[in-house]
Structure formats: C-alpha cells, structure tokens
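Asker: Below is one structure. I have some questions about it.
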2 protein chains.
Amino acid sequence: MHSFTYRQQHLHCEDIPVRTAAERFGTPLYLYSAETLRDHYRKLHAAFRDFDPLICYSVKANSNLAILNLLVREGAGLDIVSGGELFRAKKAGCPAEKIVYASVGKTEEEIRDALEYRIHMFNVESIPELRRINEIAGEAGKRAPAALRFNPDIQPDTHAYITTGKKETKFGMDIETVRHTLLNQGEFPHVDFRGIHVHIGSQITDALPFQRTLQKVLELTEHVQSKGIALSALNIGGGLGIVYENEQPQTADDFAQAVAPVLRKINLPLILEPGRFIAGNAGILLTKVLYVKDTPAKRFLVVDAGMNDMLRPSLYRAYHEILPVEQKKSEPCQPPRPADVVGPICESGDFLGKNRTLTVNEGDLMAVFGAGAYGFSMSSNYNSRRRPAEALVHEGKISLIRKRESEDDLIRHEQMVP
Amino acid sequence: MHSFTYRQQHLHCEDIPVRTAAERFGTPLYLYSAETLRDHYRKLHAAFRDFDPLICYSVKANSNLAILNLLVREGAGLDIVSGGELFRAKKAGCPAEKIVYASVGKTEEEIRDALEYRIHMFNVESIPELRRINEIAGEAGKRAPAALRFNPDIQPDTHAYITTGKKETKFGMDIETVRHTLLNQGEFPHVDFRGIHVHIGSQITDALPFQRTLQKVLELTEHVQSKGIALSALNIGGGLGIVYENEQPQTADDFAQAVAPVLRKINLPLILEPGRFIAGNAGILLTKVLYVKDTPAKRFLVVDAGMNDMLRPSLYRAYHEILPVEQKKSEPCQPPRPADVVGPICESGDFLGKNRTLTVNEGDLMAVFGAGAYGFSMSSNYNSRRRPAEALVHEGKISLIRKRESEDDLIRHEQMVP
C-alpha cells in the first residue's frame with residue numbers, strides 16, 4: 001500500500017496535491033508520506049505479533065531524522081551500520097536498548113561509542129571483529145552484548161550487489177565458525193553472547209530463501225542449546241521486497257505465515273531489520289522536464305534530477321516507475337515516442353529510466369516512484385550539484401524535513417593554498 | 001608521470017612520506033600532488049603549443065577549490081557543467097573569458113547566471129536548449145556566445161557509461177542539425193555562434209577515434225565556411241586516457257602529433273577540456289586495514305574506505321591499483337592468499353579491488369592509486385559516513401584542502417516534525 005494516488009488526474013500524496021510540494025520547495029524534491037511509513041511498520045508488526053518482535057528500522061535505507069523519529073515514536077528500534085548512524089539514532093531519540101549494530105568494518109572508535117551508549121547488541125561479522133570488541137569491552141570494564149552473524153550460504157534471487165548471504169560475500173561467518181565460537185565463548189570473556197543474526201540480502205520477493213535460512217539457523221541453535229549454551233535473541237535481518245515494476249512480493253502476512261513454523265521451533269525473542277519494506281514505496285522523487293530532445297536515434301526527456309540525486313538506476317540498473325504529476329491531455333510532444341528519461345550529468349550512465357512512453361512536455365513535473373529507500377541516502381554532489389530537499393506529508397500538512405543545499409554547502413571545509 | 005614513488009620501501013608523495021599525511025589527517029584521506037597536476041597541465045599545453053590552446057580543466061573530475069586555483073594560476077581555464085561548478089570557478093579565481101559550459105540539462109537560472117558572468121561560451125547540446133538560451137539572452141539584452149556540440153556518432157573503446165559520442169547517447173546534435181543551424185543562425189538572433197564542440201567520451205587510450213571525429217568536423221566546418229559562415233572556435237573536448245592497470249595510453253605528444261594535421265586544416269582557435277588526464281594519477285586514496293577476514297571461500301581485507309568514498313570500482317567495475325604504503329617484510333597474514341579489498345558498507349557492491357595479492361596486516365595503510373579524478377567528486381554520505389578529508393602536497397608541504405566532515409555535517413539542514 002502507498003499513499004500516492006491520482007485524484008481528478010492530479011497526483012496526490014495523501015490529501016496533498018504533489019504539485020503544491022514542488023511549487024513550495026522546488027525540484028528535484030524527495031516527498032514522503034508519513035501514513036505510508038507508519039502503515040508499513042504497523043503491518044509488519046501486526047504480522048509478527050505472536051512473536052512480540054523488536055522491529056529495528058534499517059537507517060541506511062532512509063536516514064532522515066524526521067523519518068527515524070516518526071518510526072521511533074511508533075515503537076521501532078533502529079538497525080545501524082556506522083558511527084554516523086549511531087549519531088542519528090541518538091538525535092532521533094531512539095532508546096539505546098532498541099539499537100542493533102551491524103557492519104563488517106566497525107572501527108575501534110565506533111565500537112567504543114556504541115558500547116558506551118549501551119546499545120542492544122552488536123551483530124558481529126567476523127572473528128577478528130569479535131576479538132576487537134572483546135578487547136575494547138575489557139578495557140572499558142564492560143561486557144559487550146553480541147549476536148553472531150551467520151552466513152547461511154543461501155542465494156536469494158536479487159541483484160548481486162545486494163546479495164549478502166552467499167559464502168563468497170564479505171558478510172557474517174560460516175556455520176562451523178559460529179558453532180565453534182558459541183561453544184567456546186570463554187575465549188571472549190568480555191562478550192555477552194546473546195544469539196544469532198542472519199541477513200541474506202535485499203529486495204527478496206518470496207519466502208523460500210528465508211525458510212531455508214531459518215532451517216539452518218534451527219539446526220545451529222538446537223545444536224548449541226543441546227550443549228548447554230543459552231541464547232536470548234534471533235535477528236532475522238531484513239530484505240523484504242517491494243513493488244518497483246511488476247514484482248508480486250509477498251505481503252508481511254504471507255511472509256510471517258511462511259516462517260512462523262520454524263520461528264516457533266527456534267523459540268527465541270525476535271528482531272527484524274526492515275528498511276526498503278518500510279520506506280521504499282513511501283517516497284517519490286519529483287523532477288521537472290527541462291528539455292524534450294528529439295534526435296534521429298532517440299527521444300530524450302532531460303529532467304532536473306540526475307544520478308547524483310538518485311543513483312539506483314545507474315548503479316543497479318534498477319527500474320523505477322516514472323509518471324507525470326498531471327495526467328492532463330493537453331499538447332504532449334508530438335508524435336508520441338518512447339523516451340529515455342535522463343539527467344543533466346555529463347555521463348551516459350546518468351538516466352532514471354529507459355524507453356518510457358510518457359505524454360509530457362517541457363516544464364511538466366514527473367514523479368519517480370519507489371524513491372523512499374536508497375534514494376536520498378545514496379545522493380552525492382557529483383557535478384557540483386546541490387543535493388535535493390526532502391519533505392514529509394503528515395496529518396494533512398507538508399513539512400520541509402531537509403532544506404535544499406546551498407552553493408556555500410558545496411565548498412564547506414575546502415580551502416585554497418596560498 | 002606521477003609523483004607517488006617508493007623510497008626505502010616507504011611510499012612518498014613528492015618528498016613527503018605518505019604515512020605522515022595519514023598520521024596528521026587520519027584515514028580515509030585523499031592525497032594529491034601539486035607537482036603532478038602542474039606537470040600534466042604543462043605537458044598537454046606544450047604538446048599543443050603550435051595551436052596556442054586554451055586548456056579548460058574539467059571541473060567535474062576533481063572540483064576542490066585548491067586544485068582549481070592551482071590550475072587557474074598555471075593559466076588554465078575551466079570546463080563547467082552546472083551552476084555549482086560556475087560558483088566554484090568564480091571562487092577559484094578563474095577569469096570569465098576562460099570558462100566554457102557544457103551540459104544537456106542547463107536550467108534557466110544557470111543560463112542566466114553564466115550569461116551574466118560573461119563566460120567564454122556555452123557548449124549547446126540541443127535545439128530546445130539553443131532556443132532557451134536565445135530567449136534568455138534576448139530578455140537580458142545580450143548575445144550568448146555558443147559552440148554547437150556535434151555528436152559525431154563515433155564509438156571509442158571505453159565503458160558504456162562514459163561514451164558520449166555515439167548517436168544513441170543524450171549528448172550533442174547530429175551533423176545535419178548542426179549544419180542546418182549554423183546556416184540558418186538568423187533564427188537565433190541573440191546567439192553569437194562561435195564554433196564547434198565535440199567530446200566523444202572519457203578514458204580513451206588511442207588517437208584513432210579522435211582523428212575520425214575531427215575528420216567529420218573538418219567536413220562540417222569546410223562546408224559551412226564555404227557558405228560564408230564565420231567560425232572562431234574549435235573545442236575538441238577531453239577524454240584522454242590514463243594508466244589505471246596495464247593500459248598504454250597515448251602521451252600528450254603522441255595525441256597532439258596524431259591530430260595536428262587535421263587541426264591545421266580546420267585552422268580554428270583550439271580549446272581542450274582535460275579532466276582525468278590532469279587529475280587522475282595526481283591523487284591517491286589512503287585507507288587503513290581494519291580487519292583481515294579469512295573465510296573458507298575467500299580472504300577479505302576490510303578497510304576503512306568504502307564505495308561512498310570511492311564509487312568507481314562499484315559503478316564502472318573500474319580497476320585501481322592498491323598497494324601497501326610500507327613495503328615492509330614483517331609478518332604479513334599467513335598464508336598469503338589473494339584477497340578482496342572491501343569497505344565497511346553493507347552491500348556486496350562495496351569493494352575497491354578483487355583478488356589482490358597484498359602482504360599487509362591489520363592496522364597497515366594502503367594506497368588506492370589513480371584516485372585523483374572522479375574520486376572525491378563522486379563521494380557521498382551513504383551509510384551516514386562522513387566524507388573523507390583531502391590534502392595537497394605542494395612545495396615540500398602538506399596542506400589540508402578539505403577538512404573531514406563532522407557528524408553535525410551529516411544532519412545539517414534536517415529537522416524533525418513536532
């Protein structure tokens with residue numbers, strides 16, 4: 001479900017005409033729906049209610065403070081992957097005991113800060129990291145709460161760049177290493193071993209890879225528990241797919257029902273880490289058509305948003321639906337012709353969509369759908385472009401939740417040499 | 001040529017041990033050599049000295065103010081592609097008459113500002129853009145200086161994303177459109193038609209595609225000149241390749257000699273737009289090994305620089321040489337094993353190099369070579385990571401030319417809703 005719908009041919013975000021947001025804050029603009037964010041959070045929570053889950057929203061998907069704060073107020077925890085995300089989690093008011101921290105490259109400073117803040121747990125990705133955490137906790141006179149990230153060597157059907165549960169990826173530890181470590185946890189006296197973390201990738205649309213993963217987790221937990229090891233957490237990560245084009249992803253309920261039997265057998269307090277599932281379809285990127293460029297080979301709709309604003313099409317060849325904000329019938333460019341929607345950046349990799357049939361003209365607004373996750377959070381200043389503004393529709397109002405950057409922002413911290 | 005060399009097994013930037021820069025400013029750190037930047041500029045200028053060229057450095061390659069200023073003081077002009085780059089060009093002290101402005105998506109505001117600043121010329125990419133420029137110039141009571149960007153439909157042997165001279169790309173106009181427009185320039189009374197711009201792509205290592213392009217340009221200029229059209233500029237763009245791995249790119253002299261005959265026939269004042277050629281090998285990215293992670297399938301060197309700091313390996317599958325800063329013999333991880341050099345970012349696309357044989361251990365510094373162009377300029381805050389610092393070695397000193405971002409920088413301009 002999402003709250004971007006046409007009413008009398010005008011695209012609305014909840015009850016607000018999208019055009020209003022563009023007029024007020026300019027383009028390119030990220031526009032989010034609070035209702036959609038909340039709805040996705042609540043649906044997932046409800047689907048797993050039998051397990052009383054801690055749902056830790058994955059900050060990297062969309063890390064705007066207003067969005068984090070909105071979800072925290074709903075009861076969400078946060079899944080962080082860096083010191084910068086810990087900083088954001090604090091600013092957004094997230095209780096320390098609802099923060100989980102994954103990343104293959106935690107620095108000493110990051111580990112120290114997270115320990116100091118008393119986060120819920122570290123998702124530990126390797127033995128060298130575990131040693132580092134043990135050392136730092138020892139020096140600080142603390143015990144570090146930890147789940148071991150288990151790499152189940154499962155291949156979900158998604159883009160190679162967002163597959164994280166195959167053994168050739170840098171993530172987690174193989175089953176032997178996890179088992180051995182849990183059974184020999186005395187080697188790490190400053191670590192409080194709480195449980196298992198798995199995360200097999202992102203944008204996964206069916207339950208089978210999750211079921212196969214959890215079956216392996218069950219074997220693992222039964223084995224170590226039979227040897228007297230106590231566990232108190234199972235973190236099943238994120239990865240739930242959403243609709244970008246014509247995917248038919250499982251609903252939260254489908255997913256919960258498919259994995260409930262094995263979760264009941266594992267029988268541990270449950271953590272989930274959804275990112276895209278909550279934020280992906282809760283946002284659009286608004287952009288204006290600058291030029292309709294017809295060449296002998298192709299038509300190009302040159303728009304004012306580029307790969308610096310939205311990297312996914314270029315980096316992952318990701319499909320995003322692009323539609324006009326006004327479905328008016330008046331004077332589209334003639335003759336109709338499929339067009340590449342391209343940005344102003346000086347490389348051919350700068351496109352938002354290819355071969356789209358769109359009845360728009362210069363000056364028209366378009367919406368790029370599914371832009372709520374991995375949109376702004378991957379944006380850059382490439383070509384010295386100022387990063388876009390972000391706005392949120394909530395309770396009948398639009399609020400600017402991130403101001404457009406200024407030219408001075410571009411050169412902040414730079415200095416010439418005499 | 002570049003100024004990163006080993007002396008007694010320690011990597012130096014000019015006369016400064018690279019380790020000194022890392023100790024002083026931390027990692028990840030971009031480190032540039034002023035000597036190398038100047039050397040590349042001077043070599044290119046010398047190679048084309050018979051043509052008295054205006055060399056407009058391509059700001060998008062590396063837009064740090066200190067680097068722009070250094071090149072401007074050498075006599076360079078600047079090739080810009082956005083309002084933000086115009087802002088930088090002004091700050092860096094570039095004379096307006098040495099600025100050329102390309103981009104398929106110039107906004108009205110950008111055109112107005114550039115016209116106001118009296119830049120040398122616009123590289124015009126389409127007829128709709130030409131109309132827009134004509135209108136805006138008319139309203140401002142000015143004449144807009146312009147070169148028409150000619151798309152020669154030439155395929156250089158480079159990555160598809162940085163190919164820009166094929167007819168299927170969004171850049172420039174086909175030969176018929178350019179010819180017709182030059183012959184009917186009365187339709188655009190507020191445009192001062194100065195000449196032709198071509199730019200066929202980036203990282204091109206041999207002269208043939210340039211020669212074929214210029215041959216087409218010659219036919220074009222001869223034709224329109226025979227009809228009485230006066231021309232005063234030929235901008236041949238950039239695209240000269242550099243060494244990343246085992247390429248054997250043409251030198252500046254080779255290139256100049258290969259294209260000199262046709263340039264003499266065209267016989268127009270010459271502009272070049274080098275970016276990577278000047279900055280690419282003038283910079284390294286310094287990073288520290290956080291963890292050596294051995295798995296049954298692979299070894300990973302987890303370092304403190306990620307795809308947010310350096311996107312090229314992930315986006316273009318670009319190869320960058322990675323070497324230890326200290327070539328010491330002491331205690332590398334045993335047994336030696338080829339390793340993927342990966343960052344801390346939570347996706348499998350986050351790597352700097354694959355299957356590298358490196359004798360390093362945790363805590364060691366490594367240098368990613370060829371990071372001077374399209375390195376920092378494509379960086380982002382993905383995973384809420386603070387963008388790295390940049391430092392420049394010049395005349396025996398190291399200067400910080402961009403301070404590392406702070407945590408507060410991450411959330412600047414954001415605000416929660418009540």
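The values are calculated or read from the model by the stated rules, or taken from the named source; none is laboratory data. Bear in mind the structure is a predicted one, so any value in this text is a computation, not a measurement. Note that we place each Cβ from the backbone using ideal geometry, even for glycine, and neighbour counts take in every protein chain shown. The area values use the complete protein model at the heavy-atom level, side chains included, leaving out ligands, DNA and RNA. Shrake-Rupley method; radii C 1.70, N 1.55, O 1.52, S 1.80 Å.
Asker: Give me the tail of P(r) for region A:1-150 as a percent: Cα-Cα pairs with distance above 27 Å.
Answerer: When all Cα pairs of region A:1-150 are counted, 37 percent exceed 27 Å.
Asker: Something else now. Quick one: Karplus J couplings for region A:200-212, per residue in order, coefficients 6.51, -1.76, 1.60, θ = phi - 60°, nearest Hz, x for Gly and Pro?
Answerer: Each residue's phi maps through the Karplus curve to give 9, x, 9, 6, 9, 9, 9, 7, 3, x, 5, 4, 5 Hz.
Asker: When the Kirkwood hydrodynamic radius is evaluated over all pairs of different C-alpha atoms of the protein assembly as shown, what value in angstrom, to one decimal, is obtained?
Answerer: 28.0
Asker: For the protein assembly as shown, which whole percent of the accessible surface, found with a 1.4 angstrom probe, sits on carbon and sulfur atoms?
Answerer: That fraction is 46 percent.
Asker: List the residue from chain B whose beta-carbon is nearest to the axis that rotates chain B onto chain A, together with that distance in whole Å.
Answerer: Output: B:SER380, 2.
Asker: What number in nm² do you get for chain B if you take the convex hull of its Cα atoms and divide its surface by four?
Answerer: If I average the Cα hull's projected area over directions, I get 23.1 nm².
Asker: Still on this structure: What is the Cα convex hull volume of region A:348-390 when expressed per residue in Å³?
Answerer: So the per-residue Cα hull volume is 133 Å³.
Asker: Here's something else I'd like to know. Quick one: label points 7 angstrom along Cα→Cβ at B:ASP174, distances to the other copies in nm, smallest first?
Answerer: Result, one decimal in nm: 5.7.
Asker: Report, in cubic angstrom per residue, the convex hull volume of the C-alpha atoms of region B:34-278.
Answerer: For region B:34-278, the hull spanned by Cα atoms encloses 112 Å³ per residue.
Asker: Using amide H atoms built 1.01 Å from N in the peptide plane, name the residues 5+ places from A:ARG356, or on other chains, whose amide H lies under 5 Å from its own.
Answerer: Counting only residues 5 or more places away or on other chains, the set is A:ALA339, A:ASP340, A:VAL341.
Asker: List the distances, in nm and shortest first, from the label point of A:ARG317 to the matching label points in every other copy, placing each point 7 Å from Cα along the Cα-to-Cβ direction.
Answerer: 1.0
Asker: List, in order, the whole-Hz ³J(HN,Hα) value for each residue of region A:38-44 obtained from phi through the Karplus relation with A = 6.51, B = -1.76, C = 1.60 and θ = phi - 60°; use x for Gly and Pro.
Answerer: Residue by residue, region A:38-44 yields 5, 4, 5, 4, 5, 4, 5 Hz.
Asker: Along the charge dipole of chain B, pointing to its positive end and built from +1/-1 on Cβ of Lys, Arg, Asp and Glu, which listed residue (B:PHE255, B:HIS199, B:VAL224) has its Cα farthest out?
Answerer: Comparing the listed Cα positions along the dipole, B:PHE255 ranks first.
Asker: Which of the pairs B:LYS354/B:LYS403; A:LYS60/B:LYS354; A:LYS167/A:LYS354; A:LYS328/B:LYS106; A:LYS397/B:LYS170 have their Cα atoms more than 28 Å apart in this structure?
Answerer: Beyond 28 Å: B:LYS354/B:LYS403; A:LYS167/A:LYS354; A:LYS397/B:LYS170.
Asker: Taking a label point 7 Å out from Cα toward Cβ, give me the nm distances from B:ASN355 to the same spot in the other copies, shortest first, one decimal.
Answerer: Distances between equivalent label points, in nm: 3.3.
Asker: Give me the inter-chain shielding for A:365-377: mean count of other chain Cβ atoms within 10 Å, whole number please.
Answerer: Mean shielding by partner chains, rounded to a whole number: 1.
Asker: Next question. If you place +1 on the Cβ of every Lys and Arg and -1 on the Cβ of every Asp and Glu, how big does the dipole about the Cα centre of region B:34-278 come out, in debye to the nearest 20?
Answerer: Value, rounded to 20: 420 debye.
Asker: Farthest toward the dipole's positive end in chain A, which of A:GLN185, A:ILE266, A:LEU44, given Cβ charges of +1 (Lys, Arg) and -1 (Asp, Glu) about the Cα centre?
Answerer: Towards the positive end, the residue furthest out is A:LEU44.
Asker: Work through the residues other than B:GLY238 whose Cβ is under 12 Å from its Cβ and net out their charges, Lys, Arg +1 and Asp, Glu -1.
Answerer: Summing Lys/Arg as +1 and Asp/Glu as -1 gives 0.
Asker: Which ³J(HN,Hα) values in Hz, rounded to whole numbers, follow from the phi angles of region A:89-97 under the Karplus curve 6.51 cos²θ - 1.76 cosθ + 1.60, where θ = phi - 60° and Gly and Pro get x?
Answerer: 4, 4, 4, 7, x, 7, x, 3, 6
Asker: Follow-up question, since we're still on this one. Give me the inter-chain shielding for A:103-110: mean count of other chain Cβ atoms within 10 Å, whole number please.
Answerer: For peptide A:103-110, the averaged partner shielding equals 6.
Asker: Also, I was wondering about something else. Can you list residues whose amide H is under 5 Å from A:ASN235's amide H, if they're 5+ apart or on another chain and H is modeled 1.01 Å from N?
Answerer: Amide H to amide H, under 5 Å and 5 or more residues apart or across chains, A:ASN235 pairs with A:ILE196, A:HIS197, A:VAL198, A:ILE271.
Asker: Would you work out the charge dipole size for the protein assembly as shown about its Cα centre, treating the Cβ of every Lys and Arg as +1 and the Cβ of every Asp and Glu as -1, and quote it to the nearest 20 debye?
Answerer: Using Cβ point charges on Lys, Arg, Asp and Glu, the protein assembly as shown gives about 80 debye.
Asker: Could I ask something else about it? With a 10 Å cut-off between alpha carbons and a GNM built on chain B, which of B:ALA160, B:ALA207, B:ALA144 moves the most?
Answerer: B:ALA160
Asker: Work out the length of the dipole vector of chain B about its Cα centre, built from +1 on the beta-carbon of each Lys and Arg and -1 on the beta-carbon of each Asp and Glu, and round it to the nearest 20 debye.
Answerer: Approximately 260 debye in magnitude.
Asker: Tell me: how much accessible area in total is hidden between B and A, 1.4 Å probe, Å², nearest 100?
Answerer: 8300
Asker: Take every residue in peptide B:54-62, count the Cβ atoms of other chains within 10 Å of its Cβ, and give the average of those counts.
Answerer: Mean partner-chain Cβ count within 10 Å for B:54-62: 1.
Asker: Okay, moving on. Would you mind estimating how fast region B:179-275 diffuses translationally, via Stokes-Einstein at 25 °C and 0.890 mPa s with the Kirkwood radius over Cα pairs, in µm²/s?
Answerer: D, rounded to a whole number, is 169 µm²/s.
Asker: Shifting gears a bit: Quick one: which of B:359-370, B:306-317 comes out on top by average Cβ neighbours within 10 Å, and what's the full order, highest first?
Answerer: B:306-317, B:359-370
Asker: A further question follows. Give the cross-link partners of A:LYS98 among the aspartates and glutamates, using a straight C-alpha distance below 13 Å as the criterion and excluding same-chain residues fewer than 8 apart.
Answerer: Those aspartates and glutamates meeting the cut-off are A:GLU74, A:ASP79, A:GLU273.
Asker: Still on this model: Which cross-chain or sequence-distant (5 or more) residues have an amide H under 5 Å from the amide H of A:VAL191, H modelled 1.01 Å from N in plane?
Answerer: A:ALA144
Asker: Treat region B:235-276 as a sphere of radius equal to its Kirkwood radius over Cα pairs and apply Stokes-Einstein at 37 °C in a medium of 0.692 mPa s; give the translational diffusion coefficient in µm²/s, rounded to a whole number.
Answerer: Translational diffusion coefficient: 284 µm²/s.
Asker: Can you list the trypsin sites (Lys or Arg not before Pro) in region A:143-234 that are in a DSSP coil and have 12 or fewer other beta carbons within 10 angstrom?
Answerer: When the trypsin sites (Lys or Arg not before Pro) of region A:143-234 are filtered for loop state and at most 12 Cβ neighbours within 10 Å, A:LYS227 remain.
Asker: Could I ask something else about it? Given an 8 Å cut-off on Cα distances and at least 6 residues of separation, report the relative contact order of chain B as a percent.
Answerer: Relative contact order comes out at 19 percent.
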